[in-house]
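Report on one structure; see the data block that follows.
The values are calculated or read from the model by the stated rules, or taken from the named source; none is laboratory data. Everything numeric here is computed off the predicted structure, so don't read it as measured data. We place every Cβ from the backbone using ideal geometry, glycine too, and count neighbours over all the protein chains shown.
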């Protein structure tokens, strides 16, 4: 019996290693730019809006919902004299954030783009979305190694670290066990149908994001695009004051640490490649980052010491208006008026740098 189990385990291990090796070979052989086939429809719609008029934009914002819901390009431009577009989207954390940025930069056909504002954001923890196309496409061995190294050595709470390590290992196993291969092969052979961006469900979103240049506050989301408030909004309506007080109290008072890691070095390499193309790169740390603040402040310090300009609007002591309940939509986001205040403050802060 013992001999049988040993033999079974050896065979199973060999089969597993063989599947992983075969998957890696197929993913490499079928490599290509399938971004539009894998990313969510809404970010693709925004990229297509941007591409249609790419020659006229000189400023670009990219990041998570903290940028998507809070930076109004029309208002920003009225203060700075730029012409900008907001390519941020909810949940667009690294590495997908940089996938989106690299994809749009590969498309860029003119030299009009002069300024890129990148939101400082922690690694996407993925959670139970490991089997989603967007993550299967984004992850490769280099990004996996980057994520594991960053989570192992970064200034993360133990619970966040443990979850992150588990989720990235699970995603790697899922992808290289072969579960995503068929779509890769179909895309390589041109057999997978591209996303239909003209379907009726996307037309309102396309219209709104075209008119407001990618900006959609949460008030606009429900007023113009429909939908219902989620549990986060309902909880905030009931306990907003207490939740906000706790968030403000947990903001780190001092963070002088500037210890780099693989994710930060990757970000610096992307930023430097943009600078080589004559593009000014700025980093932004927005308010209401409810977790990982120690890590984000550390990354802010590293980026600053590496020669990049960082605009930090996260401190509730300096910017209390961004944390007021009356300016909030839910615990993670401001409402339309809060976004107005944020864009005004942000644009006024960066204007002297843009006019150099």
- Looking across region 187-198 at residues that are touching a helix residue (DSSP H, G or I) at 6+ places or on another chain (Cβ under 9 Å) and modelled with pLDDT of 80 or more, the single one that is surrounded by the most Cβ atoms within 10 Å (Cβ to Cβ) is 187
- Query: Can we say residue 292 is closer than 22 Å to residue 88 by Cα, in contact with a helix residue (DSSP H, G or I) (Cβ under 9 Å, 6 or more places away or on another chain), buried (at least 18 other Cβ atoms within 10 Å of the Cβ) and at pLDDT below 90?
  - Reply: yes
- Query: For residue 31, all conditions in the list (1) surrounded by 18 or more Cβ atoms within 10 Å (Cβ to Cβ); (2) part of a loop (DSSP other than H, G, I, E, B) hold save one; what is the number of the exception?
  - Reply: (1)
- Item | Index of the failed condition, residue 211 passing every other in (1) at pLDDT below 85; (2) exposed (fewer than 15 other Cβ atoms within 10 Å of the Cβ) | (1)
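Being touching a residue at least 24 places away in the same chain (Cβ under 8 Å) and within 30 Å of residue 85 (Cα to Cα) narrows it down to one of 212, 184, so name that one. Break it down into steps so the answer makes sense when it comes.
Numbers: 184 fails: within 30 Å of residue 85 (Cα to Cα).
Matching residue, one of 212, 184: 212.
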- Task: Starting from region 159-178, keep only residues that are on the phi > 0 side of the Ramachandran plot, then list their pairs with residues that are part of a helix (DSSP H, G or I) whose Cβ atoms are within a distance under 7 Å, requiring at least 6 positions of separation or different chains.
- Result: 178/19; 178/23
- So which residues in region 90-122 are out of contact with any strand residue (DSSP E or B) (no Cβ under 8 Å at 6 or more places or on another chain), modelled with pLDDT of 90 or more and farther than 20 Å from residue 314 by Cβ? 95, 96, 98, 99, 102, 103
- Message: Among the residues that make up region 263-286, is at least one of them within 18 Å of residue 151 (Cα to Cα) and free of Cβ contacts under 8 Å to residues at least 12 places away in the same chain?
- Response: yes
- Note on the structure: Of (1) without any contact (Cβ under 8 Å) to a residue 40 or more places away in the chain; (2) over 20 Å from residue 85 (Cβ atoms); (3) in a helix (DSSP H, G or I), residue 307 satisfies every one except (3)
